[in-house]
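Each reported figure results from applying straightforward, stated rules to the coordinates on display, with no laboratory input. None of these values were measured; they are calculated from a predicted model. Note that we place each Cβ from the backbone using ideal geometry, even for glycine, and neighbour counts take in every protein chain shown.
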Amino acid sequence: MKFLKAIFFLAILIHALLTPSFAAHPLITDDTGTQGKGKFLFELNGQTGHGAEKSGAEAGTDVTAKERETELKAALTYGVIDNVDVILTVPYQWKKTEVGDATISDASGIADISVEVKWRVFEKNGLSFAVKPVITIPAGDKDKDLGTGRVTGTMYLITTKEIDPWAFHLNLGYKRNENSVDERKDIWHASLAGEFKIMKKLKFVTNIGAERNTDKASDTNPAFVLGGFIYSMRENMDIDFGVKGGLNKAEADITYLAGIALRF
């Protein structure tokens, strides 16, 4: 897969930066950790997923609709002060929809860019809270289903509790999904993640969550479960891999995720 080759190549190419790493990918749920004043985090994450649904069985002619989506996402984080980060994320997507033997759509390009601010507002005895406002910039082509066509805003409330060797993260969010593609505008998000330190350099991670469906025609909200691993190759470098499964038809059947995180 193209995005896995790119990640592997970058892991070999970049080899000499020196600060501790706390990368959370492949988790969907964020944690309250920040980089520290004047420090940077670069992440290159990829995922590829697919789903299929049969229709027409009542007429005796099953037709299978298949959707495939791949995303490569670069994110740069800067620590403004010890407990405040600013994050810029640029995604590139490939999307393809087939019904039977016919290709209905096949598009690729830059998707909507996001700018985030994560502010850890409280931390004591392994418990911490953060808020994270997010703004997306309509850089993606809405006619190719790569963007919403308008600026959107989201607010997340993040909780982290560390109980060595465990860490747990809870995200609750609301998105004002302003758009020109006839999607729902009020979107909620809820997800819970756990990390378990198997050994000094290796963590097992798991995640479950759901979000309100942006499709006005559906009352089924996408829900997922995820499992994966984070391995610290060096003090400054993490690589990760995960598998996400859909818990209902609104979520992709299966998605594979991989990434690399570097701090300097």
Item checked: Contact order normalised by residue count of the chain, Cα under 8 Å, 6+ apart, percent -> 19 percent
Checklist line | Gain in span if fully extended, Phe264 to Asn125, counting 0.36 nm per residue against the direct Cα distance | finding: 47.3 nm
Item checked: Cα-based Rg of the chain normalised by 2.2 N^0.38 Å, two decimals -> 1.04
Item checked: Gained length - Lys144 relative to Asp106, 0.36 nm times residue gap less alpha-carbon distance -> 12.9 nm
Note to self: Sorting check: for 87-96, 180-189, which peptide has the highest mean count of neighbouring beta carbons within 10 Å, and how do the rest follow?
What the structure shows: 87-96, 180-189
Checklist line | Helical contribution to [θ] at 222 nm, DSSP H n ≥ 4, -39,500 (n - 2.57), averaged over the chain, rounded to 500 | finding: -1500 deg cm²/dmol
Notebook entry, point to check: Hey, can you rank 134-146, 115-127 by average C-beta count inside 10 Å, highest first?
Noted result: 134-146, 115-127
Item checked: Debye equation applied to the C-alpha atoms of region 131-264, log10 I(q)/I(0) at 0.12, 0.21 Å⁻¹ -> -0.61, -1.34
Margin query: With the crude spin-label approximation of a point 7 Å out along Cα→Cβ, what separation in nm comes out for Arg176 versus Glu235?
Written below: 4.5 nm
Checklist line | In Å, descending, principal axis extents of the Cα set of region 85-127 | finding: 57, 20, 9
Notebook entry, point to check: Among 33-45, 218-230, what's the highest-first ranking by average C-beta atoms within 10 angstrom per residue?
Noted result: 33-45, 218-230
